[in-house]
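The block underneath contains the structure these notes are about, expressed in structure tokens.
Every number in this text was worked out from the coordinates using simple rules, so none of it is lab data. Keep in mind the model is a prediction, meaning the values are calculated, not measured. Cβ placement follows ideal geometry from the backbone for every residue including glycine, while neighbour counts extend to all protein chains displayed.
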Amino acid sequence: MFIEKLGVTMLFSVLIWFSATLFFFFFGKFVLVSTNSPGFIPMLLILEVATAILLFFVMIYYKKIDTAPYSSIKLGVYGTAVGLLLDTFIIRYSSYIFPEFSSQQILSFVIWMFLAYAIYLIIPVWIEHFLTVKHKRFKS
């Protein structure tokens with residue numbers, strides 16, 4: 001179950017990670033604020049809600065490609081693992097990758113990242129749960 005269409009899963013995982021990294025590369029200096037700033041929590045919430053919405057639609061699209069049961073959970077697990085592995089290098093070399101970011105912006109990015117990976121794991125579980133409930137409701 002978790003190794004079917006693994007190539008597609010890994011491709012989606014890398015593309016999701018790359019898209020998020022590119023977003024922060026181009027727009028991070030505008031959306032990542034100091035953790036001490038009064039605007040930190042509102043901006044973090046905006047970023048996380050946007051992340052959740054985008055991940056939801058990516059998961060729905062992925063389920064059209066990989067129709068196996070629990071395929072969105074597979075993408076969530078593999079995507080999180082791939083992303084965390086790659087983000088280890090992003091954080092380690094953040095001064096080269098994001099040279100314009102202050103240390104507070106890097107911290108803000110890391111906080112966004114941890115919450116985004118939690119969302120990445122939760123959304124597919126919700127999707128599978130609601131699809132199962134919907135399927136059972138129409139089956140009976």
Principal-axis tilt of helix 103-139 within the chain, Cα atoms, nearest 10 degrees | 10
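By per-residue mean of other Cβ atoms within 10 Å, what is the highest-first order of 114-120, 72-78, 40-46? Each step should come with its number before you reach the end.
Details: 114-120: 17.7, 72-78: 22.4, 40-46: 13.7.
In descending order of packing, they fall as 72-78, 114-120, 40-46.
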Efficiency of FRET from Cβ geometry, Ile111 and Ile65, R₀ 22 Å, rounded to 0.05 | 0.10
Between Phe130 and Glu4, what length in nm is gained on full extension when 0.36 nm per residue of separation is reduced by their alpha carbon distance?
-> 43.1 nm
Identify, among Phe114, Gly79, Ile60, the residue whose Cα sits farthest towards the positive end of the charge dipole of the chain, taking +1 on the Cβ of Lys and Arg and -1 on the Cβ of Asp and Glu, with the dipole about the Cα centre.
-> Ile60
List the equivalent ellipsoid semi-axes of the chain in whole Å, largest first, each obtained as the square root of 5λ for an eigenvalue λ of the Cα gyration tensor.
-> 31, 17, 10
Potential lengthening between Phe27 and Phe56 on full extension [0.36 nm per residue; Cα-Cα distance subtracted] | 8.3 nm
Tell me which aspartates and glutamates have Cα within less than 20 Å of Lys63's Cα, excluding those fewer than 8 residues away on the same chain?
-> Glu4, Glu128
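Counting Lys and Arg as +1 and Asp and Glu as -1, each charge on the Cβ, what is the dipole of segment 47-140 about the Cα centre in debye, to the nearest 20? Don't skip to the answer; put the middle values down first.
On the way: 8 positive and 5 negative charges, 132 e Å.
That gives a dipole near 640 debye.
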